[in-house]
Each structure stands twice: as C-alpha cells, then as structure tokens.
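Chemist: My questions all concern the structure below.
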Amino acid sequence: MQIIVNGLILGSVYALIALGYTMVYGIIKLINFAHGDVYMMGAFMGYYFINFLHLNFFIALILSMIGCAILGMVIEFLAYRPLRKSSKVAALITAIGVSFLLENVMIYFVGSASRQFPSAINVEKYSLGSVTITNVQLMILVTAIILMILLQLIVKKTKMGKAMRAVSVEADAARLMGINVDRTISFTFALGSALAGAAGVLIGLYYGSIDPLMGMAPGLKAFVAAVLGGIGIIPGAALGGIVIGLLETVAQSLPGKLSWVAGYKDAVVYAVLIIILLIRPAGILGKNVKEKV
C-alpha cells in the first residue's frame, strides 16, 4: 500500500507534465521537447517567489503557473508559429533547440549547482495502518487532481475548449467556421505550460532541491506517459503518468535479490512502454485510425 501511495503521488506529477505534451500534439501534431524545461522554469519561479518575495506557497504556485503560461505562449509565438507550415522535422529540431536554450540560459544566470527549495509548508506525518503519508504528499496529490479536473472542465465545457477540440480535428475547417486558430493554439500552449509549471513547484517542494537540468528526465518520462496512455488523448496522458509513477516506485522498492532493479528504474519504464506499444501501438486508450493515402 505504501508503494502504491508513493507511486500515485509521483504519477500525478508526471500526469500534469504529460498533459501538456498530449494537448500540444493533439492540436498541432508537434512533440514539444521544450516542455520539460518549462517545468524546470516553473520550479525556479516558485523558488524565487517563496525565497525572495516570501510569498505564501499557493500564491507562489499560481504565479508560477501564470509565468509558465506566458513563457509557453512566447515559445509558441517565436519558435513554433513561423514553422507551422514547415516540415515536422524542422519543428522537432526547433523544439530541441528551445529546450537547450532554456537550460543554458538558466545555467548562465543561476549556475548549474542544485539549490535547496524552501520548506514552505511544515511537514506533518499521518499513519494509517502500515501506510505513512505526509501533508505535503497529500497536498501534491489533491492539487494535481484538482488541476486535472479543471483542465477537463475547460476542454469539455468552455467555448475555448470547444475551439481546441475543433482545431485538433481539422484546423482549416475550424478557421472557416470563424475560430481564431492562432489564438486557440496559443491558449493550448499556455494551458499545458501552466500545468508543467505547477508540476515543477510541487516536485521542488516534494524533493527539496532544484537545478537547471531537472527537466530532462521527468520531461522524457512524461512524454513516455503521454505515448503510453495514447498521445493526443487527455485522459490517456493522466493514466499514463500514474502508470509510469507506479512502475518507477515499484522498481525502486523491490526487496532482496531484486533490489538491483532500483538502479535501472528508468530502463524498466521504457521496457514496459515498448511491450505495451507492441500490443497496443496507439497506447492504452488510443484508437487505431485509418488514414487515406
């Protein structure tokens, strides 16, 4: 039970990052490899808001989400919008370039060393039988669930959410119906980046340290989670994130002679991805769609 609880908490953070990948892919068919570094930027924004401006944790979380949303819109406007009609490879290389740019800009300004994230919340432990959980873990889980529910409500119940779904199906037809496609895509980047920023602040609080390269591994794992659940499908990204979190936690917790697996937890995650994609190429919740040639 302890392993499951820890896996759910880690998985909920992966899910928040994966949602950004899957929304951007769903709307413009781009794998935004800079997304993991937006998560890193969110962690640093939270760090400065709490450490230097002495803001309340939840205010810092909201401001970091707003900051990352603006950053996501700027990245889309400057890096991806001019390449929208270019080849997929050009956009992919640009995404990798933006990722390296964000990492190196942060290394230049703050250095490459890890920084201790401020303990904005006093840690309290609760025991339920054999399971021990802290108030910080509970807050991370509840915050992630609330954000995922809000995202689902925005996508399903709002006018902009309807526009996002229309553009993801057929951008040209949506434009003919009067939908501002550029604004819709920009909003999608803002939404995904805000979730990544929230994940960065939550992980900073959870692990207690941040650094400019912290976005690489979680960014790749979140991408794996999005593919695992079904890229372009929002519930699939959430499910994929939780599955990855559980797999990683189980791999780290194997007893006795299997304890060596903990050193290869990332390999376990990717091996499971390969096995699932061999069985279901479109992911757990994905559907095989036939395309006309």
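All of the numbers you see were taken from the coordinates with simple rules; none came from a lab. Because the structure is predicted, anything quoted here is derived from the model rather than measured. Cβ: placed from backbone, ideal geometry, glycine included. Neighbour counts: every protein chain shown.
Chemist: Assuming 0.36 nm per residue, please report the length gained on full extension of the stretch Ile107 to Leu53 beyond their Cα-Cα distance.
Modeler: 17.3 nm
Chemist: Oh, and also: Give the longest segment of the chain that steers clear of trypsin sites (Lys or Arg not before Pro) in DSSP loops with at most 11 neighbouring Cβ atoms within 10 Å, not counting the sites themselves.
Modeler: Answer from the scan: 86-286.
Chemist: Here is a follow-up. Please turn the phi angles of segment 105-117 into ³J(HN,Hα) values with the Karplus equation 6.51 cos²θ - 1.76 cosθ + 1.60 (θ = phi - 60°), one per residue in order, whole Hz, x for glycine and proline.
Modeler: Result, ordered by residue: 4, 5, 4, 5, 7, 10, x, 8, 6, 5, 10, 7, 6 Hz.
Chemist: Right, here's the next one. Quick one: Cα centre-to-centre distance for segment 188-214 and segment 135-172, in angstrom?
Modeler: Here the two parts' Cα centres lie 17 Å apart.
Chemist: Output ³J(HN,Hα) for segment 246-259: one whole-Hz value per residue in order, computed from phi by the Karplus curve 6.51 cos²θ - 1.76 cosθ + 1.60 with θ = phi - 60°, and x for Gly and Pro.
Modeler: 5, 4, 5, 5, 5, 4, 6, 10, 5, x, x, 5, 8, 5
Chemist: Continuing with the same structure: At what distance in nm do the modelled label points of Arg165 and Val123 sit from each other, each positioned 7 Å from its Cα along Cα→Cβ?
Modeler: Modelled inter-label distance: 4.3 nm.
Chemist: Name the shape class, rounded, prolate or oblate, that the alpha-carbon gyration tensor gives for segment 1-103, where a ≥ b ≥ c are the square roots of its eigenvalues, rounded holds for a/c under 1.5, and otherwise prolate holds if a/b is larger than b/c and oblate otherwise.
Modeler: oblate
Chemist: For the chain, what mean projected area does the convex hull of the alpha carbons give, in nm²?
Modeler: 17.0
Chemist: With the convex hull built on the Cα atoms of segment 195-261, state its orientation-averaged projected area in nm².
Modeler: 5.4
Chemist: Here is a follow-up. Along the charge dipole of segment 1-218, which of Met177, Met148, Met160 sits closest to the positive end, that is, farthest toward it, with unit charges on the beta carbon of Lys, Arg, Asp and Glu (+1, +1, -1, -1)?
Modeler: Met177
Chemist: Show me, for segment 218-227, the HN-Hα J-couplings you get by feeding each phi into the Karplus relation (A = 6.51, B = -1.76, C = 1.60, θ = phi - 60°), rounded to Hz, glycine and proline as x.
Modeler: After applying 6.51 cos²θ - 1.76 cosθ + 1.60, I find x, x, 5, 5, 5, 4, 4, 4, 5, 5 Hz.
Chemist: Something else now. Quick query: amide H of Ser209 versus all other amide H atoms, modeled in the peptide plane; which residues come in under 5 Å with a sequence gap of 5 or more or a different chain?
Modeler: Phe117
Chemist: Let me ask something additional. Over 31 Å between Cα atoms, which of Lys88/Lys162; Lys162/Lys221; Lys85/Lys265; Lys156/Lys265 qualify?
Modeler: Lys85/Lys265; Lys156/Lys265
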